[in-house]
Structure formats: structure tokens, C-alpha cells
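Please read the structure below before turning to the comments.
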Amino acid sequence: DYEGRPFSRPSSARAFPPVASLATITVNVALDPQLATRVNGNDTLFIFARALDGPPMPLAIQKRTADELPLMVTLDDSMNMLPAFKLSSFPVVSVGARISRTGNASASVGDLQGIVSPVNTSQGQTVNLVIKDVVE
């Protein structure tokens, strides 16, 4: 009968290991001022992480609008496109941001982008990324 008595763990009980935390990457995204005239505020902004050696689709992605720049986002396992491919499954990734006028996630000629690589997924890194290149 345990009623009225506080629960205590017997000394023989096994302690369970802590649950592994999600891999996270904080990304500070900015636009190169020289490209500002090429951007409309409602253009789609994709911030993503991709495996260096793995599937071509993003392991984590956020969709925003260009008028939110500059901004800070966090990419993690909850943002994966396929359950089998998580950010935490790959030790090193590339992190990118792309501004798309069409709203299409695939890169198109004229899109603006920036990429930082390599980025370690297990260290909770903060990445400073500048969108400074034009897709050709």
C-alpha cells in the first residue's frame, strides 16, 4: 500500500540514459545590400540544411518571406521532409538560404542565394549566412 507515502526509487532500479536532443543549427540570415534592389518583399525565402554526402532534398527547411530579412531561425529534426532523413542523422551539412520570386523550392536562374559549408550538426552551431550570389 503506497497511499500517503512518497514514492522513492529502489536503489536497484536502473537509471535510463537521457534522451538524445535534436540536432539544431541557428542561422542568422542577411541579404547583401548590393542585391537589395533585386528583391520584392513578398519573394519566398527558403532556409535549409542539406547533407554533404546524402540525399539531395533538405534535411531541415523553413519557408519565410524576403521582407523578414535580416532574421534568425533555428533548423532542427522537426523540420525534415522525410522521416528517414533527419538533420541529426548526418554529422556535417551545408546550410543555405535562397530567395525565389516563383516560390519554387528548386533553384531557378535569377534566384539569390548564400551557402555555408561545412557545418557540424552535433555542436548546436550558429551560422552567419549572407545571401550574396545570383543563381545562373
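Where a number appears in this text, it was derived from the coordinates with a stated rule and is not lab data. Keep in mind it's a predicted model, so treat the numbers as computed, not measured. All Cβ positions, glycine included, derive from the backbone under ideal geometry; neighbour counts span all protein chains shown.
Between Asp32 and Ser94, the FRET efficiency from the beta-carbon distance, with R0 = 25 Å, is close to 0.85. Comparing segment 89-136 with the 2.2 N^0.38 Å rule of thumb, its C-alpha radius of gyration ratio is 1.29 (two decimals). Positive contributions from Lys and Arg (+1) and negative ones from Asp and Glu (-1), summed over other residues with Cβ under 11 Å from the Cβ of Met79, come out at 0. All alpha carbon pair distances within segment 15-119 were sorted into 5 Å bins beginning at 0; the resulting P(r) in whole percents reads 2, 12, 23, 22, 18, 11, 6, 3, 1, 1, 0, 0. Charge tally for Gly96 (other residues, Cβ to Cβ under 14 Å; Lys, Arg +1; Asp, Glu -1): +3.
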